Amino acid sequence: MASKVTELTTYKAYLAGEWKASSSGETIAIKSPYLRETIGLVQAVTRNEVDEAITAAHEAQKSWAKLSLSERGAYLEKWADELTKNNEEIATAIMQEVGKGYSDAKKEVVRTADLIRYTVQEALHMHGESLRGDGFPGGSQKKLGIVQRVPLGVVLAISPFNYPVNLSASKIAPALMAGNGVIFKPATQGSISGIKMIEALSRTGLPKGILSLTTGRGSVIGDYLVEHKGINMITFTGGSDTGHHLSKQSAMIPMVLELGGKDPAIVCDDADLDVTVKSIMNGAFSYSGQRCTAIKRVLVNEKVADELVARLKAEVEKLKVGSPADDSTIVPLISDKAADTVQGLIDDALAKNATLVTGNKREKNLIYPTLLDHVSQAMDVAWIEPFGPVLPVIRVSSDEEAIEIANKSQYGLQASIFTQDIDRALAVARQVEAGTVQVNGRTERGPDHFPFLGVKASGMGVQGIHNSLISMSRQKVTVLNLK
Ligand code: NAP
Ligand code: G3H
């Protein structure tokens, strides 16, 4: 385990270009999920401060949008450099605050710097188009349409705990490159990492007011932000229930929602089990399964089920369990409540006669990796997203049955299909309701320039660098009527 935290910092919020303590006088204590002690305090910003931040963002956005793309890009390039330079400090904050393994936390920071640099390049290389008027019946060559992309105004970016830096920057970078102002509301458990990331951005000399960081509980300031008339677009990543709530609260503004998942790994009877086992292990258990794209159920053909389960068992029992400071794969979950939810799913499955292959051991919020076989559709773990290290195996007799069970889920983020027959893979991929289908690989968001989306309760709109730039801008058409 890492050593105890000795210095307790009270972090300021970044409001309209100034690092400030909130006038509320209230702070929120952030407790580390594995140190189980308070590691810092963040500001609970007030509604008035939210108003001021949004007003400042609108004011600053007018000049920001007039800067050339290269000028805006230069700030972001410096931001990426600052993140790289301070990788270890930021990774330590991520590790302590959300309990992510130190190496993975460092990879998150590097991935973020890469994402920012790619976003700048993508924005520099996106061009408008011109349309000929005579392309439509009765039209004339004297009419020329010029289509450009312009900013939306002020974007509200709300991020989840599990990638407190990467899933925040993947909203902020395209919003800024597209010429918008930004109000960033991090997950409360994730705020310190978010603050460190914004400290790096503020060191670039970013114009005052263009971005504010409003820390505070979603349950307290969330609705106020979402319903605010000064917000012109919302980009949100988090749970499906929260996303659904947000979509009801906001009115007449564009939204991108990246939500929960129950990604299936469909294993056919001709699958290469070496590839399958490696992909499922990595997909299901990294960061204790606290990834939206984690493999959250296995739908395996009964002909290969015994062998698959035996091989998974051997690998699960080798997983390193413990502290993120030791780069354990299985780490304490984000909260005791999260661990209660996972334990409840295991208990329900066992009470309904699932087979416990290995696991079902708990120490406070540390849940040992658990593999359940003979899971039936009557069990909650077949349908509910655990966000923890429990993997249910459902045996099926055909690809059709696997597809039917895959599609019965309310979710549709990603799915994996394992087979050595490409025609069979494509046939299954065509029928599975998901934003992305991975053939012979684990479910995952990257590479970050690919479109990333969920269908059904897994989301609305598309992320990925190019698509984020599109969704954070709109088309503006100027028509030349020539003599
Ligand atoms: P969450 O509880 O839904 O929180 C997400 C964000 O929403 C946090 O910043 C939270 O703030 C905020 N929030 C809560 N209530 C709000 C309200 N009424 N108005 C505005 N904002 C509000 O999710 P989480 O526990 O952080 O993350 C886990 C979930 O996110 C899982 O379901 C996972 O699958 C999903 N996720 C999806 C993706 C994806 O790309 N599809 C990626 C990562 C995670 P507070 O922290 O202050 O409550
Ligand atoms: O948790 C949700 C993230 O979007 C997953 O990203 O597939 O790179 O772990 P990842």
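Compute the relative contact order of the chain as a whole-number percentage, counting only Cα pairs closer than 8 Å that sit 6 or more residues apart in sequence.
Averaging sequence separation for qualifying contacts and normalising by length gives 18 percent for the chain.
With the charge dipole of region 263-448 set up from +1 on Lys and Arg Cβ and -1 on Asp and Glu Cβ about the Cα centre, the Cα lying farthest toward the positive end among the listed residues ALA325, ALA305, THR276 is that of ALA325.
For LEU413, the amide hydrogen comes within under 5 Å of the amide hydrogens of LYS262, GLY435, VAL455, counting only partners 5 or more places away or on other chains and with H modelled in the peptide plane. Alpha carbon centre of region 343-392 versus region 58-135: separation in Å? The two parts, judged by their Cα centres, are 39 Å apart. Listed by chain and number, the aspartates and glutamates whose C-alpha is less than 16 Å from the C-alpha of LYS408, apart from same-chain residues fewer than 8 away, are ASP263, ASP380, GLU385, ASP399, GLU400, GLU433.
In percent, rounded to a whole number, the relative contact order of region 197-347 is 16, using alpha-carbon pairs under 8 Å and six or more apart. Every Cα-Cα pair in region 1-88 was counted, and those over 21 Å apart are 56% of them. Within straight-line reach of LYS66, meaning a Cα separation under 24 Å, sit the following lysines at least 8 residues removed in sequence or on another chain: LYS78, LYS171, LYS208, LYS229, LYS476.
Computed from Cα positions, the angle between helix 191-202 and the longest principal axis of the chain comes to roughly 40 degrees. For region 80-219, the Stokes-Einstein estimate of translational diffusion at 37 °C and a viscosity of 0.692 mPa s comes to 197 µm²/s, using the Kirkwood hydrodynamic radius over alpha-carbon pairs. In degrees from 0 to 90, rounded to the nearest 10, what is the angle of the helix 69-85 Cα long axis to the longest principal axis of the chain? Compared with the principal axis, the helix lies near 40 degrees.
Taking 7 Å steps out from each Cα toward its Cβ at SER63 and ARG203 produces label points 2.4 nm apart. Averaging the Cα positions of each part gives two centres, and for region 209-272 and region 188-207 these lie 20 Å apart. Dividing the mean sequence gap of close Cα pairs (under 8 Å, 6+ apart) by how many residues region 263-448 holds gives a relative contact order of 29 percent.
All distinct Cα pairs of region 1-157 go into the 1/r average, and the inverse of that average, the Kirkwood radius, is 19.7 Å.
Computed per residue of the chain from DSSP H runs no shorter than four, each worth -39500 (n - 2.57), the mean residue ellipticity at 222 nm is -12000 deg cm²/dmol.
Express as a percent, rounded to the nearest 5, the fraction of DSSP beta bridges in the chain (both residues included) that run antiparallel. Intermediate results must be reported in sequence, preceding the final value.
Details: 32 of 70 bridges.
Here the antiparallel bridges make up roughly 45 percent for the chain.
Eigen-decomposition of the gyration tensor built on the alpha-carbon atoms of region 209-274 gives equivalent ellipsoid semi-axes of 36, 13, 12 angstrom, largest listed first.
Could you list SER193, SER328, SER130 so that the one with the fewest beta carbons within 10 Å of its beta carbon is first and the one with the most is last?
Details: SER193 32, SER328 20, SER130 12.
Fewest-to-most ranking of SER193, SER328, SER130: SER130, SER328, SER193.
Below 11 angstrom from the Cβ of SER468, what's the summed charge of the other residues (Lys, Arg +1; Asp, Glu -1)?
It works out to a net charge of -2.
Two decimals is fine: what is log10 I(q)/I(0) at q = 0.12 Å⁻¹ for region 360-426, from a Debye sum with one equal scatterer on every Cα and no solvent? Per q value, in the given order, log10 I(q)/I(0) is -0.41. Kirkwood radius, the chain, all distinct C-alpha pairs, inverse of mean reciprocal distance: 23.5 Å. The convex hull built on the alpha-carbon positions of region 263-448 has an orientation-averaged projected area of 9.9 nm². Only lysines eight or more places from LYS361 in sequence, or on another chain, were considered; those with a Cα closer than 28 Å are LYS4, LYS31, LYS100, LYS262, LYS278, LYS296, LYS313, LYS318, LYS320, LYS337, LYS352. Only alpha carbons enter this Debye calculation for region 161-307, each as an equal point scatterer, and the log10 of I(q)/I(0) it gives at q = 0.10, 0.11 Å⁻¹ is -0.48, -0.56.
Quick note: the coordinates plus some simple rules give every number you see, no bench work behind them. Remember, it's a predicted structure, so these values are computed and weren't measured experimentally. Reconstructed Cβ throughout: ideal geometry from the backbone, glycine too, with neighbour counts over all protein chains shown.
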